[in-house]
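The values are calculated or read from the model by the stated rules, or taken from the named source; none is laboratory data. Please read these numbers as outputs of a predicted model, since none were measured by experiment. Heads up, the Cβs are rebuilt from the backbone with ideal geometry, glycines too, and the neighbour counts pull from every protein chain shown. What goes into the accessible areas is simple: the full protein's heavy atoms, side chains included, and nothing from ligands, DNA or RNA. Shrake-Rupley method; radii C 1.70, N 1.55, O 1.52, S 1.80 Å.
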Amino acid sequence: IYEVLCFVDSLSQKQKTFHKNAIFAAMKKSILFVCLGNICRSPAAEGVMRHMAAKAGVSEMIEIDSAGTYSGHVGDLPDVRMRRAASQRGYELLHRARQIREEDFERFDMIIVMDDMNYETVHRLAPSRDEAAKIYRMREFFSRFPEWSYVPDPYYEGADGFELVLDMLEDACGNLLAKLTKRE
Ligand code: 4NP
């Protein structure tokens with residue numbers, strides 16, 4: 001994709017816009033990150049992924065959103081501890097919490113959950129086997145953290161918990177972005 005975009009960049013402005021839009025439309029992927037409350041892990045994953053996609057110049061190619069399996073925080077901004085930790089790394093988290101719904105399986109290509117409990121809940125919601133195949137665990141994209149099989153819930157933890165979650169999300173989102181933008 002980078003080589004193609006470099007070629008497109010060498011074209012006139014009008015041709016450039018036309019070709020870029022066509023390429024992004026053809027390749028567009030939509031990703032939904034899911035955790036329990038949608039106020040710590042998944043909105044942070046959304047913020048990290050948005051930031052990385054923008055930096056790589058592929059924002060238009062990837063639609064990114066997040067949701068929770070639990071409805072208790074619907075409408076809330078991310079937890080203030082997560083917003084603070086994320087902002088120190090340059091991520092602004094402005095998502096408003098929402099609960100995942102069955103229609104999300106139609107709208108998204110990948111539904112990426114943070115832990116096994118999220119996986120079970122989301123799997124039960126899948127309308128068919130084909131749609132259930134869109135569910136991934138975030139740990140599938142780790143290149144570090146061999147001792148972890150999930151992204152731990154930081155809600156009842158101290159500040160270290162939030163830093164660990166952000167370290168994991170940066171690792172996983174970087175690998176996910178590389179996977180989505182590499183040439184087939
Ligand atoms: P998250 O963290 O799933 O990463 O958003 C949590 C937020 C809230 C609760 C649990 C986990 N809660 O029980 O309210």
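Worth pointing out:
- For the residue pairs Lys55/Lys182; Lys14/Lys134; Lys16/Lys182, the C-alpha atoms sit more than 25 angstrom apart in Lys14/Lys134.
- Accessible surface of the chain [probe 1.4 Å, protein heavy atoms]: carbon and sulfur percent: 50
- Residue with peak Gaussian network fluctuation, the chain [Cα springs, cutoff 10 Å], from Ser12, Ser143, Ser66: Ser12
- Euclidean distance of C-alpha centroids, the range 89-122 and the range 1-18, integer Å: 33
- Of the trypsin sites (Lys or Arg not before Pro) in the range 80-160, those whose Cβ has at most 15 other Cβ within 10 Å and which sit in DSSP loop: Arg89, Arg96, Arg101, Arg144
- In the chain, the convex hull through the Cα atoms has an average projected area of 11.3 nm², a quarter of its surface area.
- Estimated FRET transfer efficiency (Ser87, Trp148; beta-carbon r; R0 22 Å; 0.05): 0.35
- Gaussian network model of the chain, springs between alpha carbon atoms under 10 Å - residue of Val165, Val48, Val74 with greatest fluctuation: Val74
- Mean separation of Cα contacts under 8 Å (6+ apart) over length of the chain, as relative contact order %: 24
- Normalised per residue, the accessible area of the chain is 53 Å², obtained with a 1.4 Å probe and no contribution from ligands, DNA or RNA.
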